[in-house]
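Data first, discussion second: the structure below is written as structure tokens.
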Amino acid sequence: MHFSHLQYLPLTLPFFSALVFIFLVLAALIEVGILRYAFIRIGIGPRVAIFLLLATLIGSYINIPLTELPQRHVIAGQTFSYFGMRYTVPLLVEWPGTIVAINVGGALIPFCLSIYLLAKHHIWGRGILTIACVAIICHLVAYPVHGVGIAEPIFVPPIATAIIAVVISYEYAAPLAYVGGSMGTMIGADLLNLDKVQGLGAPVASIGGAGTFDGIFLTGILAVLLAGISQPTLHPWKPR
């Protein structure tokens, strides 16, 4: 498989366009100040938040190959529906196996930001607990989809994450929501189901890509907002 064949949108164009629209609305609300403090509570500035969300969308197109799994039957050049979402299967050219890749927007960027938030707020223990709880839920609802890989209901990760984050730490619910939602979804839905990928006939199994990117992206928006609505403003200079 040529490297260019690994690069594709994780969702069909109409659904991906909907995520872009959500981003534009969110960016506008941040610029006029309505949601500015919601992201400050997470531990990042509003302009940085806009940049990271945009980078997440753009990075969702980029997959970095990690390894190859042998495959007897591969489905290519089709779209599949699951829980109302339509996922794109990349076109495969003369390749009998499944490539395991990592998505830049749905995995690498959330991972780096999660490590930053855990270190900034000194919430390693609570963060790991939140990740574990969300990972268990995502693993239970994740489902192998033939030709796509692993998929899950789009609104389960953000809603579950918001509730878990508030219960574990009311004060730090916002950063915990992002960390737990993105990392928990990635671990529970993708990493813990890698053993099921080989028999699904998917040409590319992308960690944080098709099947879970929509949940991870919306978790970064919806879960943080849900968890941050009733949360007092965090003060980074406040002694821990």
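Charge tally for residue 135 (other residues, Cβ to Cβ under 14 Å; Lys, Arg +1; Asp, Glu -1): -2. Counting neighbouring beta carbons within 10 Å and listing from fewest to most, the residues 152, 171, 68 come out as 68, 171, 152. In plain terms, the residue of 216, 99, 154 with the fewest other Cβ atoms within 10 Å comes first and the most crowded comes last, giving 154, 99, 216.
To the nearest 0.05, what FRET efficiency results for residue 24 and residue 136 with a Förster distance of 30 Å applied to their C-beta separation? About 0.35, to the nearest 0.05.
Label-to-label distance, residue 128 versus residue 17, with points set 7 angstrom from Cα along the beta-carbon direction: 4.6 nm. With a simple spin-label model that places each label point 7 Å from the Cα along the Cα-to-Cβ direction, the separation between residue 58 and residue 116 comes to 1.5 nm. For the pair residue 196 and residue 146, the difference between a 0.36 nm per residue extended length and the Cα-Cα distance amounts to 17.0 nm.
Just so you know, all these numbers are worked out from the coordinates, no wet-lab data involved. What you are looking at is a predicted structure, and each value in this text was computed from that prediction instead of being measured. Every residue, glycine as well, gets a Cβ built from its backbone with ideal geometry; the counts of neighbours run over all protein chains shown.
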